[in-house]
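Undergrad: First, the structure itself, so that you have it in front of you.
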Amino acid sequence: MSETKTATTPAPDNAAAAEGLNVVARTQRQLVLRRFLRHRGAIFGMVLFGLVVLLAVTSIGAGPIPGWWDKSPTETGTVDGMGKPTLSVVPGFLGGGGFHLGEHPFGQDNTGRDYFALTMRGAQVSLTIAVIVGLVATMVGTVIGATAGYFRGWTESVLMRITDVVIAIPTLLLAGLIGVIVADKGVVLFALFLGLGLWTSTARLVRGQVLSLREKEFVEAARSVGTPAHRIIFKHILPNTVGIIIVAATLAIAAAVLTESALSFVGLGVQPPDTSLGRLITDYRTALSVRPWLFYWPGAFIIAIALSVNFIGDGLRDAFDPRQTRVRD
């Protein structure tokens, strides 16, 4: 009887240990979430970014989704009153007409196109490029950094020398070369190639984290039982670097917005007949002194997108920081 009891006792112990690990992991996720939600800058960034995306998508529509704005970014017309904006935000009790959009809230361009619709189309294209670049740069950088950090030796030497060569090339010069080659091939292809040139910082961050994790006990245990290297990397190591990867992705998105704007400003980004926020600034930079709204509106959206994504990245970095052991109540 005593031997039977001894044989059956490990099962509940193992179950309790597994439950304890689940509780610890769940508690850690809750702690990260609480840190992020208590970061005022991150919440502000999420709200601002969400509003920009919502406005850009719902106003003029996207693909099969119709929009609530009745004008198209390609529809030309008669320029009324030098194309001045009709947007009014002056409260009525101050003698103004209150809030109203008017016929052309952001004004009109030289050909009479509604500038609100044009800006929304530019925001859609810039956001599309930013998200694709962020995903591609993060995936490529993560794979290269994890492979170099785990295998070491000649694999690390080759991959990191390639990384050093790409880093040595100025980012704007490399992006400009990509723009010359594929800018006229479509927005998606342009974003994919741009992402292939902006992965280096993610690779270095992930490599540094993997170098420290590969010597941990849980990795040694997995290696000792014959677990394949690719499974160790993707199932054991990378989940423990998710904080760095997420932060790197947000920084890549913010950098992509600014890089695309800079390329479009010099004519190497999005090509007509399509447009982007950077392209709008380029097309109407000569009107800054006489019709500044053609310059200010796309510039304001570029700043809003870049700042909001950076604020979100700061919040994620602080939330995943293991040195943050306390959360204010």
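The values are calculated or read from the model by the stated rules, or taken from the named source; none is laboratory data. Note that the structure is predicted; figures quoted are calculated from it, not measured. Here the Cβ is made from the backbone with ideal geometry for all residues, glycine too, and neighbour counts use every protein chain on show.
Undergrad: Mind checking which pairs have a first residue in region 210-233 that is free of Cβ contacts under 8 Å to residues at least 12 places away in the same chain and a second that is surrounded by 11 or more Cβ atoms within 10 Å (Cβ to Cβ), Cβ under 7 Å, 6 or more apart or different chains?
TA: Close Cβ pairs (under 7 Å, with a partner that is surrounded by 11 or more Cβ atoms within 10 Å (Cβ to Cβ)) amount to 223/232.
Undergrad: Using beta carbons and a limit of 9 Å, which pairs, at least six apart or on different chains, have the first residue in region 113-127 and on the phi > 0 side of the Ramachandran plot and the second one of a type in the set (Asp, Glu) and outside any helix (DSSP H, G or I)?
TA: Close Cβ pairs (under 9 Å, with a partner that is of a type in the set (Asp, Glu) and outside any helix (DSSP H, G or I)) do not exist here.
Undergrad: A further question follows. Please enumerate the residues belonging to region 132-155 that are under 14 Å from residue 205 (Cα atoms) and over 24 Å from the mean Cα position of the chain (by Cα).
TA: Selection gives 148, 149, 150.
Undergrad: Same structure again: Could you please let me know if residue 135 is surrounded by fewer than 24 Cβ atoms within 10 Å (Cβ to Cβ), among the aliphatic types (A, V, I, L, M) and within 28 Å of residue 304 (Cα to Cα)?
TA: Judged against the criteria, residue 135 is a match.
A quick yes/no check of all residues on (1) within 13 Å of residue 150 (Cα to Cα); (2) buried (at least 18 other Cβ atoms within 10 Å of the Cβ); (3) modelled with pLDDT under 85:
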residue: 198; (1), (2), (3): no, yes, no
residue: 203; (1), (2), (3): yes, yes, no
residue: 209; (1), (2), (3): yes, yes, no
residue: 213; (1), (2), (3): yes, yes, no
residue: 223; (1), (2), (3): yes, no, no
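Undergrad: Here are some conditions: (1) surrounded by fewer than 19 Cβ atoms within 10 Å (Cβ to Cβ); (2) modelled with pLDDT of 85 or more; (3) out of contact with any His (no Cβ under 8 Å at 6 or more places or on another chain). Residue 252 meets all but one. Which one does it not meet?
TA: (1) is the only condition that residue 252 fails.
Undergrad: Pairs please, first residue from region 152-168 and more than 17 Å from residue 195 (Cα to Cα), second anywhere and assigned to a helix (DSSP H, G or I) and at pLDDT 90 or above, Cβ atoms under 6 Å, 6+ apart in sequence or on different chains.
TA: Final answer for the pair search is 156/148; 159/144; 159/148; 160/148.
Undergrad: Conditions first: (1) under 20 Å from the mean Cα position of the chain (by Cα); (2) on the phi > 0 side of the Ramachandran plot. Residue 267 passes all but one, so which condition is the exception?
TA: Of (1) under 20 Å from the mean Cα position of the chain (by Cα); (2) on the phi > 0 side of the Ramachandran plot, only one is false for residue 267: (1).
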